[in-house]
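Reviewing the structure listed below.
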Amino acid sequence: MPTETITIVLPWYGAETAGGAEAQARQLVQSLREAGVAVEVWATDARDARAPLAAFYPRGLDEVDGVPVRRFPANLGAAQQWTKQYGFEHPIPEYNLLQSLTGSDALLQAVAAERDQRRWVFFLYAYPTSFWGAQIVGERGYLVPCLHDEPYAYNSTTRTLLRSVRRVLANSVGEQQLICRLADLPSDRVPVVGEGIELHWRGDGAHFRREHNLTGPLIFFTGRRDHSKNFPLLLAYFEEYLARREPRATLLAGGPGPLDLPPALQSAVVDLGFQSQQAKHDAYAAADIFCMPGLLESFSIVVMEAWLQGTPVLVHGDCPVTVAHCRQANGGLWFRSYRQFEACLDRLLDDRATARQLGSQGQAWVRRECRWEDVAQRFIAAVFEE
Amino acid sequence: MSTLNVDELMREIEAAAAQAGAEPQFPQLAMQQLLPALREYHAVEPRPPLIGRTRYERLWVRINQLLRRIAAHAVEPAVAQQNESNAAVLDALEQLLRADAGLRAVVTAQRSARVTTPQEERNAH
């Protein structure tokens with residue numbers, strides 16, 4: 001077992017911290033600890049992206065889930081010192097963007113002071129903690145970028161960051177391909193470590209249908225109900241589908257935030273709002289199809305959770321990550337147009353044997369690939385392999 | 001049981017979609033996409049906050065404050081006019097989206113009343 005301490009660096013970390021990457025980091029840290037690896041977390045004292053700079057956690061040494069966490073004061077961007085020391089040959093808007101995000105000068109000073117004593121793993125590609133941290137530690141640095149195909153990914157700072165570290169750890173094959181393409185890196189510098197999910201959940205679909213008084217086919221979506229998850233497209237396509245077919249299916253919309261439904265969908269969409277984990281897994285189990293039309297996914301936990309309950313998924317064909325998952329698992333279909341969306345729904349709702357088999361193939365794949373213990377072993381191999 | 005290959009299934013799906021006729025248009029999606037940015041930026045702030053952490057930045061803030069005071073008579077009326085115009089555009093877009101949603105509800109109800117099966121729809125084309 002490696003004796004060197006792995007130090008995870010990210011802008012926010014803690015029990016009250018929201019965010020997909022932050023939750024992923026917390027579970028990974030826990031799995032590494034259980035695997036017997038010495039691990040520490042360094043973060044700012046702010047809570048999360050909702051209040052990115054305000055002090056929330058105590059500064060200094062703390063402990064989360066039995067793991068030491070060192071917190072530093074948060075500030076915008078990074079001090080001039082790093083620009084002078086490492087240079088910054090990128091367009092001014094990219095500098096301004098970097099300076100507008102949560103960083104910590106004190107954290108970076110501490111990284112510089114202990115540079116050669118640890119292995120550093122930076123989470124989230126856009127932040128000053130990762131960009132400058134990676135410049136400071138060089139070959140001792142690793143990056144979990146949680147990258148997706150969005151405009152920031154094409155910034156020259158992103159390319160520099162991806163090329164500065166020893167290895168970039170991808171969450172999925174789709175993300176690996178994107179990283180290799182953007183940074184012109186060979187695939188062996190971008191190992192797919194993946195993500196795990198909690199595999200113990202058992203959804204009760206019949207209970208969910210009884211509780212909500214639902215019969216007939218159900219299509220389930222959960223996540224932010226806005227453009228970031230391409231949810232308006234799902235609503236528009238579903239409305240069109242209802243117009244072209246008998247009102248044969250109900251759309252279940254779970255997730256935080258208000259749901260602004262057009263009049264045509266008032267009776268065909270059930271607003272589940274924010275759900276408990278058990279209620280969410282009951283909904284996956286009850287659904288005939290789980291639909292995730294988002295384009296900017298770097299892993300998509302919800303797709304894995306749907307498969308865990310044996311439900312086939314429908315994703316957007318322009319999201320390389322979720323399409324790659326569907327291909328690997330043989331557990332779902334994808335659409336690039338309304339006509340394909342309609343053909344997918346017709347097939348999955350009319351041919352129940354095919355839908356069931358896709359769901360169970362997805363379930364078998366998730367049980368095989370998404371165990372946190374295995375993710376921790378892949379992570380350890382990626383960080384300690386010379 | 002043999003593995004069901006999704007690439008093979010997708011070939012069938014794509015063939016069915018290609019035979020299904022012309023792709024419907026969704027103009028509401030383009031309009032909806034404009035809303036978040038318009039809602040966030042429709043009111044332009046003529047005096048955004050100036051922050052100076054270092055001595056050099058604080059000096060720069062003082063110079064900016066002075067320049068703003070000198071230029072205020074020319075800038076602020078124009079900003080007020082622009083804000084009025086932006087508010088009108090936002091209001092128009094919201095009304096348009098509401099009217100479009102209402103109209104689509106009527107159309108959806110009428111079309112659902114004469115439902116076709118996938119096979120009937122393919123035959124119609």
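The values are calculated or read from the model by the stated rules, or taken from the named source; none is laboratory data. Just so we're clear, the structure is a prediction, and the values are computed from it rather than from any experiment. Quick reminder, even Gly has a Cβ in these numbers, built from the backbone with ideal geometry, and neighbours come from all protein chains shown.
Report the residue count in the range A:164-196 for those that are outside any loop (DSSP other than H, G, I, E, B), more than 22 Å from A:Leu28 (Cα to Cα), free of Cβ contacts under 8 Å to residues at least 24 places away in the same chain and out of contact with any Lys or Arg (no Cβ under 9 Å at 6 or more places or on another chain).
2
Any idea which residue in the range A:261-281 is modelled with the highest pLDDT, counting only those that are surrounded by 14 or more Cβ atoms within 10 Å (Cβ to Cβ) and within 19 Å of B:Gly102 (Cα to Cα)?
A:Val269
Scan the range A:346-386 for residues that are within 14 Å of A:Asn330 (Cβ to Cβ), surrounded by fewer than 21 Cβ atoms within 10 Å (Cβ to Cβ) and polar (S, T, N, Q) and jot them down.
Those that are within 14 Å of A:Asn330 (Cβ to Cβ), surrounded by fewer than 21 Cβ atoms within 10 Å (Cβ to Cβ) and polar (S, T, N, Q): A:Thr354, A:Gln357, A:Ser360, A:Gln363.
Of everything in the range A:317-338, what is of a type outside the set (A, V, I, L, M) and surrounded by fewer than 22 Cβ atoms within 10 Å (Cβ to Cβ)? Give them in sequence order.
A:Gly317, A:Asp318, A:Pro320, A:Arg327, A:Gln328, A:Asn330, A:Arg336, A:Ser337, A:Tyr338
Tell me, please, whether a residue that is closer than 23 Å to A:Asn171 by Cα, more than 11 Å from chain B (Cβ to nearest Cβ) and of a type outside the set (Val, Ile, Thr) can be found in the range A:352-366.
Taking every residue of the range A:352-366 in turn, at least one turns out to be closer than 23 Å to A:Asn171 by Cα, more than 11 Å from chain B (Cβ to nearest Cβ) and of a type outside the set (Val, Ile, Thr).
Would you check which residues across the range A:195-236 are over 28 Å from A:Phe341 (Cα atoms), surrounded by fewer than 20 Cβ atoms within 10 Å (Cβ to Cβ) and not hydrophobic (A, V, I, L, M, F, W, C) and list them?
A:Glu198, A:His200, A:Arg202, A:His207, A:Arg210, A:Glu211
Please go through the range B:17-43 and pick out each residue that is in contact (Cβ under 8 Å) with a residue 60 or more places away in the chain, at the interface with another protein chain (Cβ under 7 Å from one of its Cβ atoms) and closer than 16 Å to A:Leu345 by Cα.
Matches in the range B:17-43: B:Ala20 only.
Could you figure out which of (1) within 12 Å of chain B (Cβ to nearest Cβ); (2) in a helix (DSSP H, G or I) isn't true of A:Ala306?
For A:Ala306, the failing item is (1).
Among the residues of the range A:332-351 satisfying the criterion of being part of a loop (DSSP other than H, G, I, E, B) and under 29 Å from the mean Cα position of the chain (by Cα), which is nearest to the other protein chains (Cβ to nearest Cβ)?
In this case the residue turns out to be A:Ser337.
Checking the structure you have, find out if any residue of the range A:250-263 is farther than 23 Å from A:Arg209 by Cα, outside any loop (DSSP other than H, G, I, E, B) and either not assigned by TED's automatic domain parsing to the domain that holds A:Glu175 or not polar (S, T, N, Q) (or both).
Yes, the range A:250-263 contains a residue that is farther than 23 Å from A:Arg209 by Cα, outside any loop (DSSP other than H, G, I, E, B) and either not assigned by TED's automatic domain parsing to the domain that holds A:Glu175 or not polar (S, T, N, Q) (or both).
B:Gln110: modelled with pLDDT under 95, within 10 Å of chain A (Cβ to nearest Cβ) and either exposed (fewer than 13 other Cβ atoms within 10 Å of the Cβ) or assigned to a helix (DSSP H, G or I) (or both), yes or no?
Against the criterion (modelled with pLDDT under 95, within 10 Å of chain A (Cβ to nearest Cβ) and either exposed (fewer than 13 other Cβ atoms within 10 Å of the Cβ) or assigned to a helix (DSSP H, G or I) (or both)), B:Gln110 qualifies.
If you check B:Gly21 against the conditions, is it over 21 Å from A:His316 (Cα atoms) and in contact with a Lys or Arg (Cβ under 9 Å, 6 or more places away or on another chain)?
no
Run A:Glu297 past the list (1) in a loop (DSSP other than H, G, I, E, B); (2) buried (at least 23 other Cβ atoms within 10 Å of the Cβ); (3) modelled with pLDDT of 90 or more; (4) not hydrophobic (A, V, I, L, M, F, W, C) and report the number of the one that doesn't hold.
It fails just one condition, (3).
Check the range B:42-57 and report whether any residue there is in contact with a Lys or Arg (Cβ under 9 Å, 6 or more places away or on another chain), at positive phi and not polar (S, T, N, Q).
The answer is no; no qualifying residue exists.
Quick one: A:Asp282 ticks every box in (1) part of a strand (DSSP E or B); (2) out of contact with any strand residue (DSSP E or B) (no Cβ under 9 Å at 6 or more places or on another chain) except a single one, so which number is it?
(1)
Being in a helix (DSSP H, G or I), exposed (fewer than 14 other Cβ atoms within 10 Å of the Cβ) and in contact with a helix residue (DSSP H, G or I) (Cβ under 9 Å, 6 or more places away or on another chain) is the filter here; which residues of the range A:70-108 pass it?
Across the range A:70-108, the qualifying residues are A:Gln81, A:Gln85, A:Gln99.
Do we find a residue being more than 14 Å from chain B (Cβ to nearest Cβ), part of a helix (DSSP H, G or I) and over 21 Å from A:Leu218 (Cα atoms) anywhere in the range A:319-329?
Within the range A:319-329, one or more residues are more than 14 Å from chain B (Cβ to nearest Cβ), part of a helix (DSSP H, G or I) and over 21 Å from A:Leu218 (Cα atoms).
Of the residues A:Ala51, A:Ala23, which is over 21 Å from A:Ala376 (Cα atoms), hydrophobic (A, V, I, L, M, F, W, C) and under 24 Å from the mean Cα position of the chain (by Cα)?
After ruling out the rest, the residue left standing is A:Ala51.
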